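A.B. asks: Here you go, one structure.
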Amino acid sequence: MSIKEKYELAKKEYEKWGIDVDKALEDLKKVKISIHCWQGDDIAGFEVNQKELSGGIAATGNYPGKARNAEELRKDLDKALSLIPGKHKVNLHAIYAETDGKFVDRDEIKPEHFGNWVSWAKKNGLGLDFNPTIFSHEKADDGLTLSHPNKEIRDFWIRHCIASRKIGEYLGKELGQPCLTNLWIPDGYKDIPSDRLGPRQRLKDSLEQIFKEKIDKKYNLDSVESKVFGIGAESYTVGSSEFYMNFAAKNDVLCLMDTGHYHPTEVVSDKISAMLLFSDKIALHVSRPVRWDSDHTIILSDELKELAKEIVRNDALDKVIIGLDFFDASINRVAAWTMGTRNMIKALLNAMLLPNKKLKELQDEENYTDRLALMEEFKTYPMGAVWDYYCEINNVPVKESWLDEVKKYEKEELSKRK
């Protein structure tokens, strides 16, 4: 039986519940996932004076073939994108600037240092997102940046973030779609602080300076990202969830939630509906924490599916900006991108193929028996047949055949990198 024939059979099963599968695929094709470039080189970047990772960030593993320069990184992204259905975005950090071999410090980066990325994105019909890189730098070695008691250090990072917003505006103008410029810092203390308020007052003041100049949201969207703890900041994190939620609400910037940046019993899926009540848009970084914020490649887990359900059932596909944020150096990096992004899209498709209206009605009727039974039965509905068809009509490999493409690429390209 052909993929199309299996798809038609699956459609009939879903149509019994009033689910328009063809429309679901049309809607899915419009969703842009922001794929993080740093999976391809273990967050090393290409600065002239490249530093070791710092700021509570670690990429574990030593799988051969990581990108050594921007050209190799774009080539690897090309391969991954050829295996992922749909047209998406790529998320950059400031350390991926190309400066022609000249040292340019973070507070001096300019839009022209990302011209090659823009040309590549235009050629491939992609959007770009951006992040200031506020770690792995001599002015972040003690784990403090925008909340640092030293004004000179704070001012350096303020200038870097202002420059990053200008780059975000440039990317948005050039590519005709808004760039999300997201701000995350590692600031915190390893042991119990004697002053919790002071660092947060300094961070608030720094952020107000960074966001003082308004940029047209048609080109650039600003977001701030919290964290519960970090390596070297186990006892106190300046940019906590409560801090950034309040700052975002008061200062008209987006709140970005990373699925690994909360206590182990908290889940971001439960937060989405609450945030949407008070925000026009929210942003996500999707990763897979294993015991802590370990940024494993995302799998089609229960929580990933719940995350997607909350986006779909609340008609929020145009309100939630979905970005990925994992970095696994223990497996083939192109495979990690491919698996993770395909799983995010699969989770959205799964959510679109649920009788969400009926399930809501059952809940409102307090018919919890039928609700639970129906939710369980749909776990074995033929979503796989619909996914295979979606891949086929988007001219990307069906099922695990993408892995053969990755292995071929590894043999022909990655294995030759030393």
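Every number here is computed from the coordinates shown, using simple stated rules; none is lab data. As the structure is a computational prediction, the values presented were derived from the model and not from experiment. Because the Cβ atoms are built from the backbone with ideal geometry, glycine has one as well, and the counts that use them run over all protein chains shown.
A.B. asks: When only C-alpha pairs under 8 Å and at least 6 residues apart count, what is the relative contact order of the chain, in percent?
C.D. replies: On the way: 733 pairs, mean separation 85.2, N = 418.
So the answer I get is 20 percent.
A.B. asks: What is the calculated FRET efficiency for V398 to D20, with r their C-beta to C-beta distance and R₀ = 25 Å, to the nearest 0.05?
C.D. replies: 0.65
A.B. asks: In the stretch 249-347, which trypsin sites (Lys or Arg not before Pro) fall in coil by DSSP and have 11 or fewer other Cβ atoms within 10 Å?
C.D. replies: Values: sites: K250, K271, K281, R291, K305, K309, R313, K319, R333, R342, K346; in loops: K281, R291, K319.
Loop-located and lightly packed - R291.
A.B. asks: Ok, one more. Size of the stretch 49-96 along its principal axes in angstrom, Cα-based, largest extent first?
C.D. replies: For the stretch 49-96, the Cα extents along the three principal axes come out at 34, 24, 20 Å.
A.B. asks: Per the Cauchy relation, a quarter of the hull surface: what is the mean projected area of the convex hull of the alpha carbons in the stretch 31-352, in nm²?
C.D. replies: Hull-based average projected area comes out at 14.8 nm².
A.B. asks: To the nearest 10 degrees, how steeply does helix 383-393 sit against the main Cα axis of the chain, on a 0 to 90 scale?
C.D. replies: With both axes taken from Cα atoms, the answer is about 70 degrees.
A.B. asks: Taking amide H positions as placed in the peptide plane 1.01 Å from N, state which residues far from N91 in sequence (5 or more) or on other chains have amide H under 5 Å from it.
C.D. replies: Residues meeting the amide H criterion: I35, H36, C37, D129.
A.B. asks: Okay, next question. I'd like the Kirkwood hydrodynamic radius of the stretch 317-373, using the inverse of the mean 1/r over distinct C-alpha pairs, in Å.
C.D. replies: In the stretch 317-373 this quantity evaluates to 14.2 Å.
A.B. asks: Hey, can you grab everything whose amide H is under 5 Å from the amide H of S287? Only 5+ residues off in sequence or another chain; H modelled, so Pro and N-termini drop out.
C.D. replies: So S287 has HN proximity to T259, G260, D325.
A.B. asks: Follow-up question, since we're still on this one. What is the magnitude of the charge dipole of the stretch 31-352 about its Cα centre, with +1 placed on the Cβ of each Lys and Arg, -1 on the Cβ of each Asp and Glu, and no other charges, expressed in debye to the nearest 20? Intermediate results must be reported in sequence, preceding the final value.
C.D. replies: Details: 43 positive and 48 negative charges, 177 e Å.
In total the dipole reaches around 840 debye.
A.B. asks: Percent of alpha carbon pairs in the stretch 49-200 separated by more than 21 Å? Don't skip to the answer; put the middle values down first.
C.D. replies: Numbers: 5925 of 11476 pairs.
That fraction is 52 percent.
A.B. asks: I've got another one for you. How much of the DSSP beta bridge set in the chain is antiparallel, as a percent to the nearest 5?
C.D. replies: Within the chain, antiparallel bridges account for around 15 percent of the total.
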